[in-house]
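Novice: Can you keep this structure in mind? I'll have questions shortly.
Nothing in this text is a laboratory measurement; each read-out follows from the coordinates by a stated rule. These figures come from a predicted structure and were not determined experimentally. Cβ sites come from the backbone with ideal geometry, for glycine too, and all protein chains shown count toward neighbours.
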Amino acid sequence: MALSETMKALLKGQGYTDAEIAALEKQAASNTSTKKVKTGVYKSVQVSSQAPTDQSIRQTVNKVFKAYYGRDARADELAIWAPQLKAKFTGKNGKSKTNITYTYDKSGNLISTEYLTADGIDPAVWLDEQIKANVAKGTVGINKAGIPEGPSGQYFVAIKNLARNNGINLSDAAAADYANKINAGVLDENTVMNTLRESAASAFPQFADKIKAGIDLKTLADPYIQSMSRILEIPDSAIDVFDPKVRGALSYTMPDGKVGTKSIYDFEKELRQDTRWQYTNNAREEVSNSVVKVLKDFGFMG
C-alpha cells in the first residue's frame, strides 16, 4: 500500500530515511492484502468413449414421454426414439463419445454429474424438443371418452368446461388442438382461456365486462336456471346456458330495441305458459288453490 506524501513528510520529520519509508510501505501492503475467496460453482468436463447403456436411454425416453403423454413410451415409440437418442452419442469419427460434466461447489464437493451428447447437449433436452413438436401437431392418443391422454387431457377438459359455461359451442377437435399446443408450450393457457372469454363477450355484449373479468355466463344465468328448475321441476344440473329459454332471457330484445335481459318476473310468467308446466306439482297445486278460491267465493266452502 503506497503512503501519502503527507505521511512520508511526517515520517521524514521523525528521522526516517527513504529506504525505511519504502520498507514501511511494503509491510503495510503485506498486512492489508487479503486472500481471494472462491465463490460459485465450477465445472470439469471429461470425454468418455463409452455410450450410455440401453437402460439409461430408455429411462431418458420414458422421462420425456411421461412429461407430455403421462405414461412411458410404448415399444413402437422406443423403437423410433431410442436409436436416434443413442446416435447423438457418436462423434464425427463414428466412435462413441460422451461428454461428462462434473459440477462442484466452492468447497470442492461434487454437486452433479451430467452425461451430455457428443455435441455437448443434454439428451433429455434434445428429445424434449422433438416430442414437444410432435405434441403440438396433435400426435396424442385419445381415450374412449374422447379425451386426449396426459396433460393435454387436463387442458382439454378445462377448455371444454369454460366454453360450455360461457355459451360457446367448441368442437372436440378445436379443444384438443388448443390443449396440445398448451401442453407443448406453443400457446399460453391464459391466452387460450381469454380468447374463449372474448368470444363469449362478443356473443353476449350486455355481459362483456363481467365475462372478461372472469365471471362465467352460467353464474350470471343462475337466477334464471334456479327459477326454471323450481317452476318446471327440473334438476338445475340438467339446465345450462344452451337451453333456449335461458338463452332467450339472457339475450332479450327490449322494447327500445336494445339487447338486455328479461326480468325474472316475466321469465317465470313465460315458464308457466310452457307445456311442461301443466304436468308439474306446482301446476296441480295452483289449479287446486284456484278451484278452492272459486268455491269459497260462491259460498260452497267455508
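Novice: Scan around V140 for amide H atoms under 5 Å from its own, H built in the peptide plane at 1.01 Å from N, and keep only partners 5 or more places away or cross-chain.
Specialist: Long-range HN contacts for V140: none found.
Novice: While we're on this one: Which whole-Hz couplings ³J(HN,Hα) result when phi for each residue of the range 51-59 is put into the Karplus expression 6.51 cos²θ - 1.76 cosθ + 1.60, θ = phi - 60°, listed in order with x for Gly and Pro?
Specialist: Coupling constants for the range 51-59: 8, x, 6, 4, 5, 5, 4, 4, 4 Hz.
Novice: Between the range 142-182 and the range 83-137, what's the alpha-carbon centroid distance in Å?
Specialist: The two parts, judged by their Cα centres, are 34 Å apart.
Novice: Continuing with the same structure: Taking a temperature of 20 °C and a viscosity of 1.002 mPa s, what whole-number D in µm²/s does Stokes-Einstein yield for the range 151-210 with Rh from Kirkwood over alpha carbon pairs?
Specialist: The diffusion coefficient I find is 185 µm²/s.
Novice: Okay, next question. Starting at the first residue of the range 109-122, write each ³J(HN,Hα) from the Karplus equation 6.51 cos²θ - 1.76 cosθ + 1.60 with θ = phi - 60°, in whole Hz, x for Gly and Pro.
Specialist: 7, 5, 8, 7, 10, 10, 9, 9, 5, 4, 8, x, 9, 5
Novice: Just to be sure I understand the model, the point goes 7 Å from the Cα along the line to the Cβ. What's the resulting V157 to I80 distance in nm?
Specialist: It works out to 2.6 nm between the two label points.
Novice: Then there's this: Please list the three semi-axes, largest first and in whole Å, of the ellipsoid equivalent to the range 84-184, using sqrt of 5 times the eigenvalues of its alpha carbon gyration tensor.
Specialist: So the equivalent ellipsoid measures 41, 18, 9 Å along its semi-axes.
Novice: Moving on to the next point. Evaluate the distance, in nm, between pseudo-label points positioned 7 Å from the Cα of T275 and of K95 along their respective Cα→Cβ axes.
Specialist: According to this spin-label approximation, the distance is 8.7 nm.
Novice: Kirkwood Rh over Cα pairs of the range 221-285 into Stokes-Einstein at 10 °C, 1.306 mPa s: D in µm²/s?
Specialist: Approximately 130 µm²/s, per Stokes-Einstein.
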